[in-house]
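The values are calculated or read from the model by the stated rules, or taken from the named source; none is laboratory data. Keep in mind that what you see is a predicted model, and the values were worked out from it rather than measured. Reconstructed Cβ throughout: ideal geometry from the backbone, glycine too, with neighbour counts over all protein chains shown. Accessible surface is based on the protein model in full, side chains and every heavy atom, while ligands, DNA and RNA are left aside. Shrake-Rupley method; radii C 1.70, N 1.55, O 1.52, S 1.80 Å.
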Amino acid sequence: MQLGEKIVFVNEGESQPCPICAGAGGYFGALDFAISGNDAFIGARTYPDTGIMVQYFRCGACGLIFTPSFNSFTAEDFKAFIYNDTYLAADPPFVEERPERDSQMIDVLLGNFRNSLRMLDYGGGTGLLARKLRAKGFTDVKSYDPFYQPDTVADSVAPADIVFSFEVVEHIPDQLAMLDDIMPRMKPDGVFIFSTQLQPADIVSQGINWWYIMPRNGHISLHSSASLACLFRKKGLMWRTLTQDLHMAWYDGSRVAGRILSDTVALEKAGTFRNPLPPT
Ligand SMILES: [Zn+2]
């Protein structure tokens, strides 16, 4: 099956239901499927146009930007068209740079727990981040990724004290189902730490050209503060933004959350490891 036959096209004049709050999503714009994150960093196009447009909508209630264009994709389709042999060109830091930076950030933020708490990297790609953390003395850190290491699912069964997930949330269409998959892997007393860029204050004027909207990278769900708040409220979780693109969620009363939030020195230091933005 060709990409053009799998991409869903909807009427731009009809609102689409927000996958998080069911509010009305108004048409926000469309981009060629080939637009990638790397384009913003190198200041040039990475892939030629496909002529296949991916439509994005923005919820009028919670602000979530989402696309229904991949609604008919199966896991196999995501592997064939997005997470395929040419994916790395869309996101070169995926291989080494981001796992290295994230491992340094976790070392600063969670280093006090390296011998005492079980950790899981959910959506951890090839498992490099977990390997780097083990090299830094983290004794119980596992990695699970349905696309890159489907055979690691058993490693993620015993719930972890800390589940982290970097550059994952924005790739997942059904955010509520995502939490249904993640939360059983976290102890009730634990925390979920994840990265995703939040929409800037001037998102309406930036519109569809906001750099983080990148169909070729599989960016499907782009959050606002309000959409994250709605998501976690629905699942009975508390949450907080730690840095511009790093966030944390937990169940009320979590002692692990309390210990992390009380270490203001580590929190401040961790903020210096945030993901880079493209040149302006
Ligand atoms: Zn919404």
Check: Each residue of the range 103-119 in order: what ³J(HN,Hα) in whole Hz does its phi give by Karplus 6.51 cos²θ - 1.76 cosθ + 1.60, θ = phi - 60°, with x for Gly and Pro?
Finding: 5, 5, 5, 5, 4, 6, 6, 10, x, 5, 9, 4, 9, 10, 10, 7, 10
Margin query: Can you divide the C-alpha Rg of the chain by 2.2 N^0.38 Å and report the result to two decimal places?
Written below: 0.98
Margin query: What whole-number distance in Å separates the alpha-carbon centres of the range 19-36 and the range 56-104?
Written below: 14
Checklist line | Full-extension gain in nm, Asn71 to Met238, via 0.36 nm per residue minus C-alpha separation | finding: 57.2 nm
Check: Volume per residue, Å³, of the convex hull around the alpha-carbon atoms of the range 1-43?
Finding: 126
Note to self: Probe radius 1.4 Å, ligands and nucleic acids ignored: give me the carbon and sulfur share of the accessible area of the chain as a rounded percent.
What the structure shows: 54
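To the nearest 20 debye, what charge dipole does the range 220-280 have about its Cα centre, counting +1 at the Cβ of each Lys and Arg and -1 at the Cβ of each Asp and Glu?
On the way: 8 positive and 4 negative charges, 40 e Å.
Computed about the Cα centre, the dipole is about 200 debye.
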Note to self: Can you compute the helix-only [θ] at 222 nm over the chain? Use -39500 (n - 2.57) per DSSP H run of at least 4 residues, normalise by all residues, nearest 500 deg cm²/dmol.
What the structure shows: -6500 deg cm²/dmol
Next item on the list: Output ³J(HN,Hα) for the range 63-69: one whole-Hz value per residue in order, computed from phi by the Karplus curve 6.51 cos²θ - 1.76 cosθ + 1.60 with θ = phi - 60°, and x for Gly and Pro.
Entry: x, 4, 9, 8, 10, x, 5
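Across the chain, how many lysine pairs, 8 or more positions apart or on different chains, have C-alpha atoms separated by under 15 Å? Please give the number.
4
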Notebook entry, point to check: If amide H atoms are built 1.01 Å from N in the plane of the peptide, which residues on other chains or at least 5 residues away come under 5 Å of the amide H of Asp32?
Noted result: Val54
Item checked: Between the range 123-191 and the range 221-280, the Cα center-to-center distance that results, in Å -> 16
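About its Cα centre, what dipole magnitude does the range 35-113 give when the only charges are +1 on Lys and Arg Cβ and -1 on Asp and Glu Cβ, stated in debye to the nearest 20?
I would put it at about 340 debye.
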Next item on the list: Compute the projected area of the convex hull of the Cα atoms of the range 153-265, averaged over all viewing directions, and report it in nm² to one decimal place.
Entry: 7.9
Checklist line | In order through the range 261-273: 3J(HN,Hα) via Karplus (6.51 cos²θ - 1.76 cosθ + 1.60), integer Hz, x for Gly, Pro | finding: 5, 7, 8, 5, 5, 5, 4, 5, 5, 4, x, 7, 9
Notebook entry, point to check: Dipole of the chain, Cα-centred, from +1 at each Lys and Arg C-beta and -1 at each Asp and Glu C-beta, to the nearest 20 debye?
Noted result: 860
Next item on the list: With N denoting the number of residues in the range 4-155, provide Rg(C-alpha) divided by 2.2 N^0.38 Å, to two decimal places.
Entry: 1.27
Check: Using the heavy atoms of the protein chains alone and a 1.4 angstrom probe, what is the accessible area of the range 1-145 per residue in square angstrom?
Finding: 43
Next item on the list: Working from the alpha-carbon coordinates of the range 95-234, get Rg over Rh, Rh being the Kirkwood radius.
Entry: 0.98
Item checked: Mean accessible surface per residue for the range 175-247, computed with a 1.4 Å probe while every protein chain stays in place, in Å² -> 34
